[in-house]
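A quick write-up on the structure given underneath.
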Amino acid sequence: MDYLPLNLKLIDEPVTLIGGGKIAARKARLLLRAGAKLTVVAPDICMELRQASDANSITWINGTYAAAQLDDCLLVVAATSDRELNECIHRDARARSLPVNVVDAPDLCTVIFPSIIDRNPLLIAVSSSGTSPVLARILRRRIESMVPAAYGRLAEFAGRLRQRVKTAIPEETPRRLFWEQVLEGAVAEKVMAGREAEAQSLLEKRLASTGDLYTGEVYLVGAGPGDPDLLTFKAARLLQSADVVLYDRLVAPAIVDMARRDAECIYVGKRRADHAVPQEDINQLLLKFAQQGKRVIRLKGGDPFIFGRGGEEIDLLAQHGVPFQIVPGITAASGVACYAGIPLTHRDHAHSVRFVTGHLKDGSLAHDWSQFLSPTETLVFYMGLVGLPEICRQLLAVGRAADTPAALVERGTTLQQRVLTGTLSNLPELVAREKPAAPTLLIIGDVVRLHADLAWYGTEDAQ
Ligand code: SAH
């Protein structure tokens, strides 16, 4: 982080603004909205500032800048077009340990103004750390359209009842669960419809019957193959509500970061043959947290029900009557194939696709290889890096053509994605030479030829 976003209380606090033009007026408007006691220093001021001065909403010092004008103020804003003067204001503010903003000169700022979505008392600030105000503004517009205008009223309502609810539910986790249900349910709808009295009596009713609201819950959630943007909306929403997050090696750090700041995030990742946390312990952990009344999210790479052992984890919960939800994710085959430009099916090349485990048990694979003979079926091997030479050898042995196209996609959908393309006969050699890093996905079949034309993502290929 280059800046720490903080909300500054300016009500009745003295702020000095140097400059009298249109840009200064824009800053003045914002500062006045925040309740500042504003002094404007400029030999001449624009119409808007003049009107504000006439209405006594600002104090205008009609003259040139002097360092003493900064004495006792809480914030300094310079909006002059004179670089030397701006530098001087910056120095004077720094000498007094005052936060200073110089419009359009990030190097002279110790504080910067974000783009604001104002649903007072609910405020959302968007900042690009000064790199691209336009980008921040575009993002702000998007958020504006997502946040109902009445959210401010809802925040006020919640603020008014905060103490009341705190007294009624002293414990933190159940109280948060209570608020989540209130703010996303019928009570919130009433507040936003302007029926606060009804909303409040409904809330009181809920407070009187909170017994069953506090049971823990487990969400088994697919986090997709790597690119955080491939997360589902549902996964993102549940992540925001979880108290505990258990995640795998395959889950992108950016996704874990989306959890609530006070959520407990536990790494239970597994590497091949090196089980950081044994499966049985993970199952027990899920159960333990849920029984403590917590909302637990178990994040799995890709889809939880595709080579994810999701079934086993849920089984124990089901036996103990713990409520759970299962949220699908984009599985590696689907995400990686798209990002690698290899359609898994194609009218001219493949009419079916098969997901196969390439995980070796005691050094070999227990497949009936004769079922993999169809030239119009795409084969996708998960966990097939170590077993790759064996997979290719077995397919050749049962009669697949030596020139059958095959691709190994390394770290698909991440920025490190690399596609190694070859054939059943030469891919093992290429892989031995290039030493791709896990995770990798092996795709076999005619569709791999299309990659040459459809590649659009990641680093250069290796052949
Ligand atoms: N449940 C997961 C699969 C877990 S098995 C899913 O639905 O995707 C782990 C295997 O998935 C890895 O060995 C690899 O073959 C594949 N995999 C997962 N993410 C991948 C990625 N970003 N790129 C390539 N392969 C990936």
How much accessible surface does Ile314 have with a 1.4 Å probe, in Å² rounded to 10? 20 Å²
Hydrodynamic radius by Kirkwood for region 272-334, inverse mean 1/r across distinct Cα pairs, in Å, is 12.6 Å
Listed by chain and number, the lysines with an alpha carbon less than 23 angstrom from that of Lys205, same-chain partners under 8 positions apart left out, are Lys166, Lys190
Order these peptides, 135-144, 92-101, by their mean beta-carbon neighbour count within 10 angstrom, highest first. 92-101, 135-144
Solvent-accessible area of Met47 with every protein chain in place, 1.4 Å probe, in Å² to the nearest 10: 130 Å²
Ordering Cys265, Cys88 from largest to smallest accessible area (1.4 angstrom probe), what's the sequence? Cys265, Cys88
Using the per-residue mean of other Cβ atoms lying within 10 Å as a proxy for protection, in what order, highest first, do the peptides 158-164, 378-384, 243-249 fall? 378-384, 243-249, 158-164
Restricting to DSSP loop positions (anything but H, G, I, E, B) with no more than 14 other Cβ atoms inside 10 Å of their own Cβ, which GluC sites (Glu not before Pro) remain in region 398-463? Glu460
Diffusion coefficient, µm² s⁻¹, Stokes-Einstein with Kirkwood Rh over alpha-carbon pairs of the chain at 20 °C and 1.002 mPa s: 79 µm²/s
Between Phe324 and residues 5 or more places away or on another chain, which pairs have amide H atoms under 5 Å apart, with H built 1.01 Å from N, and which residues are they? Val218
Give the lysines whose C-alpha is closer than 27 Å to that of Lys22, dropping any in the same chain fewer than 8 places away, or say none. Lys9, Lys37
Ordering Phe233, Phe372 by the accessible surface of their heavy atoms, 1.4 Å probe, largest first, yields Phe233, Phe372
Summing -39500 (n - 2.57) over every DSSP H run of at least 4 residues in the chain and dividing by its residue count gives a helix-only mean residue ellipticity at 222 nm, to the nearest 500 deg cm²/dmol, of -10500 deg cm²/dmol
State, to one decimal in nm, how far the label point of Cys265 lies from the label point of Asn62, with both points 7 Å from Cα in the Cβ direction. 5.8 nm
Can you grab the distance from the C-alpha centre of region 290-333 to the C-alpha centre of region 385-463, Å, no decimals? 31 Å
Using amide H atoms built in the peptide plane, which far-off residues or other-chain residues are under 5 Å from Cys109 H to H? Val102
Heavy atoms of the protein only, probe of 1.4 Å, neighbouring chains included. What is the accessible area of Leu123 in Å², nearest 10? 90 Å²
Long-range tail of P(r) for region 14-113 (Cα pairs > 16 Å, %): 48 percent
Ranked from the most accessible area to the least, with a 1.4 Å probe and all protein chains present, what is the order of Leu230, Leu6, Leu441? Leu6, Leu230, Leu441
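The values are calculated or read from the model by the stated rules, or taken from the named source; none is laboratory data. None of the values given here were measured: they were computed from a predicted structure. We place every Cβ from the backbone using ideal geometry, glycine too, and count neighbours over all the protein chains shown. Each accessible area value is taken on the protein alone, full model and side chains, heavy atoms only, with ligands, DNA and RNA left out. Shrake-Rupley method; radii C 1.70, N 1.55, O 1.52, S 1.80 Å.
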